[in-house]
Each structure stands twice: as C-alpha cells, then as structure tokens.
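Below is one structure; the comments refer to it alone.
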Amino acid sequence: MVRELYNVRVLPGEGAGAGEDDSPATPLTADEERRYRGLLFTELGNEIADRGWARYPAYTPQDRRRLVDVAERLTAHWGQRVFVEAEDLTRLRLCLASHRMP
C-alpha cells in the first residue's frame, strides 16, 4: 500500500549529512549495547528455536557485527551452529543448518 505523506518536515539532525558514515546519530553506551545484545539473543533465539530461522534488519556494519556476535553466542549456548546469511543489503538471516537457503 502506498501512502501519501503531507506536511512532512525534516527534523534537525536528519537529512543531508546524518548517518552518512554508517554510524548511528548517538552510539549506544556499553550498558545499552549489552542489554540490546541480550534482547536479540533471547528474541532471535526463541524464534530460531521455534522455526529454525529468523530474519532481522541490519542497516549498518555495526548492526551486522552485532547479529554475527549474537549468532556466535547462540552457537555456544546450544552447541549447534547458527549460520548468518545476507538476504539483501538490509537484512540478515540467522538459521540452523537444516534451514539454510539453497
């Protein structure tokens, strides 16, 4: 579905120049990063346990590194390899061997 956007304004900090270096506007603190990775570990781990795979957006190199680290933690936790595959430029797929894409 296509929606028309009326009266949309660019807020300060958005638009030209914002995020051009592939880093978030304000980086996460060490505690926020730890909690976010813990959340991804739990949520993606539950989804992989249920379906055998999970898909998650990864817009920046930091997002991709974070998901690879989560896959490595899940591999160590389960004793079964969790693979990371790029679906496109903005999404990664974490999956078990039995659910790898051909």
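Here the extension length gained between ALA76 and ALA97 equals 6.1 nm, from 0.36 nm per residue of separation less the Cα-Cα distance. Mind running the shape call on segment 35-102? Use the C-alpha gyration tensor, a ≥ b ≥ c as the square roots of the eigenvalues: rounded below 1.5 for a/c, prolate if a/b tops b/c, oblate otherwise. Oblate, because a/c is 1.5 or more while a/b does not exceed b/c.
Read-outs throughout are calculated quantities, based only on the coordinates presented, and are distinct from any laboratory measurement. Please read these numbers as outputs of a predicted model, since none were measured by experiment.
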